[in-house]
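J.: First the structure, then my questions, so here it is.
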Amino acid sequence: MDQGNQPAPQPQYNSVPMQPKKKKTGLIIGIVLGVIALIAIISAVLVYFLWWQNPEKMVTDAVSNAIMAKKMTADGKVVIDMRDQGKIELNVKTATDSGKSKANIDAKLDVKGVEKNIPLKGDVVLDSDGTIYVKINNFKDLLCGFS
């Protein structure tokens, strides 16, 4: 066997073949896009919880929407405690529609020096031109209660 004509085999430095640069570029782009998406998601969650769910913003939005509303209804109870002088309770129901407002008021007066509680019922209407109409259903009982 004559081995003088054949070149000597070269030692292999790495058994893993070289990968093309295209895959590394795709991997880098994927990582960068993933980091950007993660930052966007974190920012969205922080904005939602710190800004949109802020109680002050929610109250401000509710009040501004109530002022701008064309139709609105509200029910409520107001209690005025005058300590030694008595107590006033107001049950109020209101409705507003395009500049016209109506309120139904039921009041209980418990005043010191008056022997009985005085129920008072009435309605208040505000017309779109600014005219106010007031109706008190049992005004006579109110006058008799204080005399």
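J.: Could you please find all residues in segment 95-143 being at pLDDT below 75, open to solvent by less than 50 Å² (accessible area, probe 1.4 Å) and of a type in the set (A, V, I, L, M)?
T.: 114, 118, 142
J.: In segment 75-94, how many residues are farther than 15 Å from residue 108 by Cβ and at pLDDT below 85?
T.: Count: 2.
J.: Within segment 45-64, can one find any residue that is at pLDDT 85 or above, over 24 Å from residue 138 (Cα atoms), open to solvent by 100 Å² or more (accessible area, probe 1.4 Å) and not acidic (Asp, Glu)?
T.: no
J.: Next question. Taking segment 41-81, which residues are assigned to a helix (DSSP H, G or I), of a type outside the set (Lys, Arg) and in contact with a helix residue (DSSP H, G or I) (Cβ under 9 Å, 6 or more places away or on another chain)?
T.: Hits for segment 41-81 are 51, 52, 58.
The values are calculated or read from the model by the stated rules, or taken from the named source; none is laboratory data. What you see is a predicted model, and the numbers here were worked out from it, not measured in a lab. Every residue, glycine as well, gets a Cβ built from its backbone with ideal geometry; the counts of neighbours run over all protein chains shown. In case anyone asks, the SASA skips ligands and DNA or RNA and just uses the protein heavy atoms, side chains included. Shrake-Rupley method; radii C 1.70, N 1.55, O 1.52, S 1.80 Å.
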